[in-house]
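Colleague: Here you go, one structure.
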Amino acid sequence: SAACLKPTQIYRFLRTRNLIAPIFLHRTLTYMSHRNSRTNVSRRSFKVDSLLFQVEKMRGDAETHSLASNLQLTFTGFFHKAEKPSQDCENEQNSVTLEVLLVKVCHKKRKDVSCPVKQVPTGKKQVPLNPDVDVQPKPGSSQSLLVPSTEFEPSNSHMVKSYSLLFRVSIPGYSQAAAVNGLSNGENLHGRGEERREDGETLFVAQMSVFDKNRRLQLLDGEYELSMQQMDDVPVSRKRATWETMLDGKRLPPFESFSHGPTLQFSLRWTTDSSDRSTAPVAKPLATRNTDTNQDARLSAPRAVHASREQQTHTHTHIKDHFSFFSFLLCVCVQFQYNNNTRQQTEARDDVHCPWCTLNCRKLYSLLKHLKLSHSRFIFNYVPHPKGAKIEVSINKCYDGSYAGNPQDVHNQPGFAFSRNGPVKRAAVTHVLVCRPRRTKPSLSEFLELEDSEREQQRTYISGHNRLYFHSDCCRPLRPQEMEEDSEDERFPDWLKEKTVKQIEEFSDVNEGEKEIMKLWNLHVMKHGFIADNQMNDACLLFAELHADLIVQRNLGHNFLLHLVSMHDFNLISTATIDCAANRLRLLRHRDGQEVEEEEDNWETAAESQPEPELEFKSCTYQTEPEGGDEETETEN
């Protein structure tokens, strides 16, 4: 019905998003512990001293296993959507010639200019051209190629640094105007003159790395689609990593090469048996990844090499355990209820998959717990049935559908909060769990329909609310780190101080003294919140008391008196206020003047107390004759 349509669409969308970018793993949940196949038995005998030994053993086993296995390639076909075949070709070509070479890059010697490169041909095959992927090929009809393990052993003359596979596809009689795409999986090792061997033959080249310079395996078992490139018409471009958004039909050349070609599809597997060339498995067409089927296929390099052998050993045991596990499961049916009258029942299923997110819960209790916690837009009631289990589903009318994420993202620019154009710095929002009841034993009785009294006793586990607040003066969103400060007390923020000072500096019809008085007065009024006319007398007296020292220091007394007279002209202050403010400045100046005079007196007293400097020499000397002399003489020194 229409009531269940919207919640179902929401949960289907969340299912797809969780498959692409999962938020958590279901096996970590308490009621999904049976999905966790990892055991903690090895922790009992674990020792820190054994870590180095285990790492060295894993590296040695990985190198030994990878070099002791044969590489088998099974080709599906070569896909190339060209405009039209060449006029020289009478019949349309149904196959192309594929040549695979093993490229060995060796360590260079002291006298070598570049690293020696060896190309070892591994074989040629006829690969179908543009085969129909919907038609399953016959067993044994696919072309298979085997690279023996001896080719990956180091040679005697040079120690091999890295191994790679070089694919060459030649199409005879194809037009030169064929569609050309960029190389994405490899690089071309040859010049432009080597790309066309003969007249009327086009060559496409691609390369894939098998072992890197650290001898780590790069290719695991699986199906591959390799983008080929014709290098004679396309210049080599540098590779640059960019953020791209695949929306509104935007063209992305690296992805278009796989849709239009040329591409080579093949399957790759490592095997220890070298006699199964003719019995190679048929390569299936590439399909969309399935999370359930590929969970066991995510193996590391050493595990991937021996996956086939271990799978043959444990196949019978795994199938037996699988059926014994599901043999006790009952049929589960889901019954939808609308308006307490209309009911619709689905078909009974013998599995415990979630109807909305297709999660395999494996147990009925886990399914009911998952439905209750993950799909809270519905109300689920478990009803026992003699032939199985029935789950009644109804709309949860008390569901709170408000946004529970970061409230800062709601008020960001559209397309910025939830965009994937790159890393974005976000404000941290923490949810505190205030109630955690004691964990009860798993029982299906907790999913039965509750009585009214029991329904009232239920309480939420998270208290509080997640709401975005705003500043009262500037209407800006309140950040989480600003919640401790009261918005009503923010009359004097730093940004408003700076803005006020800059606006006053832009005035051109006032002098510098008037600007300084205006700055001090405006900041004073903003800080103390003077907004009424009857507050101006107190504001002026407080201003004179707080800023008198600064006014006297900057010699702004005359500008301050003009400001008081201007306010008196507008009947804002009285003459008594002007007298009090002026007296305050006068007393401060008189006090400063007395201090200056005292300092000057002290300087004079200190000068008087200094001893007179001794005369080093005299300019002239007067000598007087003793009594009885008739003549006074003057001698000059």
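Read-outs throughout are calculated quantities, based only on the coordinates presented, and are distinct from any laboratory measurement. Model, not experiment: these values are computed from the prediction. Here the Cβ is made from the backbone with ideal geometry for all residues, glycine too, and neighbour counts use every protein chain on show.
Colleague: Using the beta-carbon distance between Asp132 and Arg38 and R0 = 45 Å, what value does 1/(1 + (r/R0)^6) give for FRET efficiency, to the nearest 0.05?
Modeller: Details: r = 43 Å, r/R0 = 0.96.
With a Förster radius of 45 Å, E is 0.55.
Colleague: Let me ask something else. For every other residue with a beta carbon closer than 11 angstrom to the beta carbon of Ile573, add +1 if it is Lys or Arg and -1 if Asp or Glu, then tell me the sum. Provide the component values of the computation, followed by the final result.
Modeller: Details: positive: none; negative: Asp533, Asp538, Asp569, Asp579.
Summing Lys/Arg as +1 and Asp/Glu as -1 gives -4.
Colleague: Still on this structure: Stretch Ser566-Leu542 to full length: gain in nm at 0.36 nm per residue minus the Cα-Cα span?
Modeller: Working: separation 24, 0.36 × 24 = 8.64 nm, distance 1.77 nm.
Difference between extended and current length: 6.9 nm.
Colleague: Please tell me which of these pairs span more than 18 angstrom C-alpha to C-alpha: Lys124/Lys213; Lys104/Lys213; Lys497/Lys527; Lys390/Lys441?
Modeller: Lys124/Lys213; Lys390/Lys441
Colleague: Restricting to Cα pairs below 8 Å that are 6+ residues apart, what does the relative contact order work out to for the stretch 494-602? Please round to a whole percent. Can you show the working numbers first?
Modeller: Values: 57 pairs, mean separation 27.3, N = 109.
Over the stretch 494-602, the number comes to 25 percent.
Colleague: Shifting gears a bit: Using the structure shown, list the pairs from Lys499/Lys519; Lys57/Lys108; Lys81/Lys118; Lys6/Lys397; Lys57/Lys118 with a Cα-Cα distance above 22 Å, or answer none. Provide the component values of the computation, followed by the final result.
Modeller: Numbers: Lys499/Lys519 11 Å; Lys57/Lys108 30 Å; Lys81/Lys118 33 Å; Lys6/Lys397 13 Å; Lys57/Lys118 31 Å.
Too far apart for the 22 Å limit: Lys57/Lys108; Lys81/Lys118; Lys57/Lys118.
Colleague: I've got another one for you. Enumerate the amide H contacts of Lys161 below 5 Å, restricted to partners 5 or more residues apart or on another chain; note that Pro and chain-start residues carry no placed amide H.
Modeller: When sequence neighbours closer than 5 places are left aside, the close amide H contacts are Val105, Cys106, His107.
Colleague: Could you check the simple spin-label distance between Gln335 and Asn360, using points 7 Å along Cα→Cβ, in nm with one decimal?
Modeller: Result for the modelled spin labels: 2.9 nm.
Colleague: Return the sequence-ordered ³J(HN,Hα) values of the stretch 369-381 in whole Hz as given by the Karplus equation 6.51 cos²θ - 1.76 cosθ + 1.60 applied to θ = phi - 60°, using x for Gly and Pro.
Modeller: 5, 5, 5, 6, 8, 9, 10, 6, 6, 10, 10, 10, 10
Colleague: If I take R0 = 25 Å and measure r between the Cβ atoms of Thr272 and Glu223 in this structure, what FRET efficiency does the formula 1/(1 + (r/R0)^6) give, to the nearest 0.05?
Modeller: Working: r = 21 Å, r/R0 = 0.83.
Efficiency for this residue pair is about 0.75.
Colleague: Roughly what would the spin-label model give for Val117 and Lys499, points 7 Å off Cα along C-beta, in nm?
Modeller: My value for the distance between the label points is 6.4 nm.
Colleague: Can you work out the FRET efficiency for the pair Asp49 and Phe24, with r the C-beta to C-beta distance and R0 = 25 Å, to the nearest 0.05? Walk me through the numbers on the way to the answer.
Modeller: Numbers: r = 34 Å, r/R0 = 1.37.
After rounding to 0.05, the efficiency reads 0.15.
Colleague: Would you pull out the residues with amide H under 5 Å of Gly123's amide H, same chain only if 5 or more places away, H placed 1.01 Å from N?
Modeller: Residues meeting the amide H criterion: Val100.
Colleague: Which residues' amide hydrogens lie under 5 Å from the amide hydrogen of Val147, considering only partners 5 or more residues apart or on another chain, with H built in the peptide plane?
Modeller: Leu71, Gln72, Leu73
Colleague: For the residue pair Arg586 and Cys398, what label-to-label distance in nm results when each label sits 7 Å from Cα along the Cα-to-beta-carbon direction?
Modeller: About 7.8 nm, to one decimal.
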